[in-house]
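Just below is one structure, and these are the notes that go with it.
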Number of protein chains: 2
Amino acid sequence: MTRIVQIGLGPLGQKVVRYLLERPNLKLVAVVDPAPDKVGKDAGELCGVKRLGVAVAKDLRSALRGRKAEVALLTTVSDVRRIEAQIARIAAAGLPIVSTCEELSFPWGASPAVARRIDALCRKHGVACVGTGVNPGFLMDFLPSALTGVCQKVEHVRVQRIQDASARRVPFQQKIGAGLTTAQFRKKKEAGTLRHVGLTESMQMVAHALGWKLSRTTESLRPVIAKRRITSGYAPIEKGMACGVEQIGHAFVGRKEVITLEFRAAVGEAKSFDAVEITGTPNLRSVIEGGVNGDIATCAIVLNAVAAIRKVTPGLKTMLDLPPVTCSRS
Amino acid sequence: MTRIVQIGLGPLGQKVVRYLLERPNLKLVAVVDPAPDKVGKDAGELCGVKRLGVAVAKDLRSALRGRKAEVALLTTVSDVRRIEAQIARIAAAGLPIVSTCEELSFPWGASPAVARRIDALCRKHGVACVGTGVNPGFLMDFLPSALTGVCQKVEHVRVQRIQDASARRVPFQQKIGAGLTTAQFRKKKEAGTLRHVGLTESMQMVAHALGWKLSRTTESLRPVIAKRRITSGYAPIEKGMACGVEQIGHAFVGRKEVITLEFRAAVGEAKSFDAVEITGTPNLRSVIEGGVNGDIATCAIVLNAVAAIRKVTPGLKTMLDLPPVTCSRS
């Protein structure tokens, strides 16, 4: 039984708590969220489940008063710069950390100075820390890297995550820009709310796994335009409107493109799937039909990573440094 | 550059050497094989490539005279009992070991006493040791285990490795019993030469990854019978004859079947594929279309595991203890 403190009780943190309560090998002992409408309330009730007798604390110090935790789950921000101070406090409390912070999944490429500082403070306090999730953390980085384990040679890695958003929740369809005009889409793009965070981190992680020194990476984001009237979503989308978003990452060694990551979520997409395609010896194409449900998967992998983070030496880790994260309940 | 000693120069060991020579980060410094027709000959020439200036030695002691190696690759036997003494000598020389010994991939279930002894002697000499390969070692154990990383709950794991042997080498078609009468097949089965070794080890490894205590495992082996005349192989196979082999493993917790592994190789099989099917939250089906080429993959994963085996603490490891094995050339 591992004693857990959950830090961050937004929608994702709440789902992590609900999943945690199903696990016989994990015990929620404390919850932190500074939001005034949450502090002091029962964490279970806030998460829409039974009363747990665990009140949400405003900070880690008060959360751990009189309680002993063993691992911290950190589901707060996507930005590695903003998470540094949070990690500093948790590390100082001597707790290993599993976080959903996207940029933390592989900060060595884009933010090496921050990565070095986080690594140093984790080592100083003797704790390990990892950023994970379904993507980044698994589908576009860990999984293709692990699949190259049976390759003698790798020339190119392509990952596609294609999702038909027709049956997804309305907020998800809105989030990907379905039903917007191209002008509205552009505005939303500029506001930064459309962007999937982590594509660059995934490319850096794959490159690291293969020992490639990347010369550059690029990311593009564009609307998927409805080629006909689409009626499979929550509201009809006229021809010429945005029905979703496509984000593509390219990574190069010299002038040669070696990694291509494609993320597309659109209403009316023909089918959902996650595919890894390795060009090499041998060629290899692995497909997860229907795709992995991202909401379930991110919460699950965070909980599954608890056992792995306790097995490694102190420091900032990535999914390439941990033994394989598996769904163990013992 | 990691300095390698290759132990065992059968067909698999020879292919490992050929692949090793393509790797800029590995250097072959010594080769051991006690076969009188190999001792003293140039290892490169025996492997059908250029002269390497590395003579095959009769034992490890003479192989390492005046040479310093860093990792041993061990491709000799499938039986964990027979490999124990070999590991003892390599460990005493202070070398970490990557082996293709099928039973070594997860000996904790079927041969716990041998596993404990190997673990103890590796620890004593401060080296790590792992058994790996495409299967066991990857497709039916590591890969399904790693895929559960995104699951909140797992009820059942099924892995299928289905191969159309029509285009495979004649010895492979003969090995799987293609063209035999059912009586001839039975005789070959009793001789034990048909059996794929490692199904039980793979089931034990998956169970370990998921924290399941298995109550029992079973393995069955039967001929695949031609339902019509098959002409896609190296020789026609009449209706009613064996066209290949099917081996199925079942693992149970209590009375409930929790793992099913199906290995089928037959001439005229409709298509080749490797599939992992997880029943749980979420359900997940991952398919490698065309299947993984086993000959390439086993040699590749052994070489890819060299970096990983140097990163872990001493002892007998499994693929669940190593950081992900990837195709890195640096």
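Here, each number is a calculation from the coordinates, and none is a lab measurement. Since the model is a prediction, treat every value here as computed from it, not as a measurement. For neighbour counting, all protein chains shown are included, and Cβ atoms are generated from backbone atoms with ideal geometry for every residue, glycine included.
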- Query: Distances from A:GLY254 to the same residue in each other copy, label points 7 Å out along Cα→Cβ, in nm, shortest first?
  - Reply: 6.1
- Message: Measuring nothing but label to label, 7 Å from Cα along Cα→Cβ, what are A:ALA93's distances to the other copies in nm, shortest first?
- Response: 5.1
- Query: Pick from A:VAL206, A:VAL80, A:VAL54: which residue has the top mean-square fluctuation in a GNM of chain A where Cα pairs under 10 Å get a spring?
  - Reply: A:VAL54
- Message: Under 8 Å for C-alpha pairs, at least 6 residues apart: give me the relative contact order for the range A:142-291, rounded to a whole percent.
- Response: 37 percent
- For the protein assembly as shown, report the convex hull volume of the alpha-carbon atoms normalised per residue, in Å³, without decimals. 182 Å³
- Query: What's the average, rounded to a whole number, of partner chain beta-carbon atoms within 10 Å of each residue's beta-carbon in A:240-252?
  - Reply: 0
- Convex hull over the alpha-carbon atoms of chain A: what's its volume per residue in Å³? 144 Å³
- Sticking with the crude label model, points 7 Å out along Cα→Cβ, report the distance from B:VAL253 to B:LYS271 in nm, one decimal please. 3.3 nm
- Message: Just to be sure I understand: of the beta bridges DSSP finds with both ends in chain B, what percent are antiparallel, rounded to 5?
- Response: 55 percent
- Cα pair distances exceeding 26 angstrom across the range B:77-213, given as percent: 38 percent
- Cα-Cα P(r), the range B:191-235, percent of pairs per 5 Å interval: 5, 14, 19, 14, 14, 12, 9, 7, 6, 1
- May I ask you to derive the relative contact order of chain A, considering only C-alpha pairs under 8 Å and at least 6 residues apart, and to give it as an integer percent? 20 percent
- Task: Enter the mean number of other protein chain beta carbons within 10 Å of the beta carbon of each residue in B:281-293, as an integer.
- Result: 6
- Gyration tensor (Cα only) of the range B:1-134 to equivalent ellipsoid, semi-axes in Å sorted down, yields 25, 15, 14
- Message: For A:LYS213, place a label point 7 Å from Cα along the Cα-to-Cβ direction in every copy; what are the distances to the other copies, in nm, shortest first?
- Response: 5.3
- So in the protein assembly as shown, what percent of DSSP beta bridges are antiparallel if you round to the nearest 5? 55 percent
- Query: Between their Cα atoms, which of B:LYS27/B:LYS50; B:LYS15/B:LYS124; A:LYS41/A:LYS175; A:LYS311/B:LYS124; A:LYS27/B:LYS153; B:LYS41/B:LYS311 are more than 24 Å away from each other?
  - Reply: B:LYS15/B:LYS124; A:LYS41/A:LYS175; B:LYS41/B:LYS311
- Task: Give me the percent of Cα-Cα pairs in the range B:142-291 that sit more than 28 Å apart, rounded to a whole number.
- Result: 27 percent
- Item | Phi to ³J(HN,Hα) by Karplus 6.51 cos²θ - 1.76 cosθ + 1.60 over the range A:226-236, Hz, x for Gly, Pro | 5, 8, 8, 5, 10, 10, 7, x, 6, 8, x
- Hey, what number do you get for chain B at 222 nm if only DSSP H runs of n ≥ 4 count, each worth -39500 (n - 2.57), divided across all residues, to the nearest 500? -8500 deg cm²/dmol
- Between beta-carbons, use under 12 Å as the cut-off and find the net charge around B:CYS299, counting Lys and Arg +1, Asp and Glu -1. +2
- Note on the structure: Here the range B:252-330 gives, from Cα atoms, an Rg and Dmax in Å of 16.7, 48
- Item | Rh by Kirkwood over Cα pairs, then Stokes-Einstein D for the range B:58-138 at 1.306 mPa s and 10 °C, µm²/s | 124 µm²/s
- Mean separation of Cα pairs under 8 Å and 6+ residues apart, divided by the residue count of the range A:249-330: what relative contact order is that in percent? 17 percent
- Message: Explain nothing, just compute: Karplus ³J(HN,Hα) = 6.51 cos²θ - 1.76 cosθ + 1.60, θ = phi - 60°, for every residue of the range B:252-260 in order, whole Hz, x for Gly and Pro.
- Response: 10, 10, x, 9, 8, 6, 10, 9, 10
- Local electrostatic count at A:VAL267 - Lys and Arg +1, Asp and Glu -1, tallied over other residues with Cβ under 10 Å: -1
- Straight-line reach from B:LYS38: which aspartates and glutamates have Cα under 13 Å away, leaving out those fewer than 8 places along the same chain? B:ASP59
